[in-house]
Every structure is written in structure tokens, then in C-alpha cells.
Amino acid sequence: MNTQTTLPSLDGRTFQMISSTTSVVDPDAPSTFRYFEKDGAVWGDYFGDTVTFGRFVGTRTGNVISIHFVHVLVADGTVVTGSGDSDIEQDESGLRLIEHYEMHGKPQLSVCAEVVA
């Protein structure tokens with residue numbers, strides 16, 4: 001029996017990166033992610049810090065999202081693609097995304113926190 005509660009929809013929520021194994025996060029201008037969700041589909045965009053712009057699309061099952069992404073780096077205009085899974089968690093501050101993905105041939109981990117108005 002699954003007793004885990006599915007957390008709220010990501011639709012219309014904004015998150016900011018607070019840590020990453022890929023790069024040092026600029027606390028004054030972290031990457032910002034805008035999420036949309038409907039009927040198990042998840043999509044959105046992101047920008048800031050080391051990324052000029054990025055897009056993602058994927059699916060949600062329970063409290064896990066699986067996405068494919070593409071973004072352009074500020075430093076040299078390189079286009080980066082990849083995929084990953086994020087665990088959706090909730091704490092007293094709101095939702096958090098614990099992102100597991102591969103970049104540069106190695107497993108990576110990032111944490112994004114919901115921006116609560």
C-alpha cells in the first residue's frame with residue numbers, strides 16, 4: 001500500500017537554484033525556473049546565472065518528474081542538452097526540487113527552492 005501523499009502541482013510555480021554540483025550558484029542572480037504542469041506533462045523554461053536561456057519538457061509520476069532539457073551557456077554560447085529526474089519535496093518554506101542528472105559524463109545534483117511571494 002502506497003501511503004505517500006502526492007505533493008501539489010508544479011503548475012505556475014517558480015523555483016531558484018540554491019546549490020549545484022555542476023557550478024557555483026550566484027546567490028545574487030541564481031538560475032530561475034518556471035514550471036507548468038497538466039495531466040502528467042511538465043514543461044517550462046529557465047534563465048540566469050550561467051545560462052542565457054533554457055527549455056525543458058517531461059512527465060510527472062507521483063512526486064518525481066523526468067525531463068529533457070536544452071540550454072545555452074553565457075560563457076561561450078555552447079548548447080547543452082541532457083535529461084534527469086527530480087524528486088519533489090516539501091518543507092516549511094515550500095516545495096523543493098532535488099535534481100539528479102548527468103552532465104559532462106558524470107552524475108550531478110542540484111537543489112531548487114520554490115520562490116514564495
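Remarks
- Remark: relative contact order (the chain) = 23 percent; criterion is Cα-Cα distance under 8 angstrom and separation of 6 or more residues.
- With 0.36 nm allotted per residue and the present C-alpha distance subtracted, the ARG34-THR5 stretch has 8.1 nm of extension available.
- A crude spin-label estimate for the pair VAL72 and ALA117, with each label 7 Å from Cα along the Cβ direction, gives 2.9 nm.
- Residue order for MET17, MET103, fewest other beta carbons within 10 angstrom first, comes to MET103, MET17.
- Between ASP45 and THR81, the modelled label-to-label distance comes to 2.0 nm, taking each label 7 Å out from Cα in the direction of the beta carbon.
- Mean-square fluctuations from a GNM of the chain, with a 10 angstrom spring cutoff on Cα atoms, peak among ALA41, ALA75, ALA29 at ALA75.
Every number in this text was worked out from the coordinates using simple rules, so none of it is lab data. Since the structure is predicted, the reported quantities are computational estimates derived from the model, not experimental observations. Note: ideal-geometry Cβ built from the backbone for every residue, glycine included; neighbour counts use all protein chains shown.
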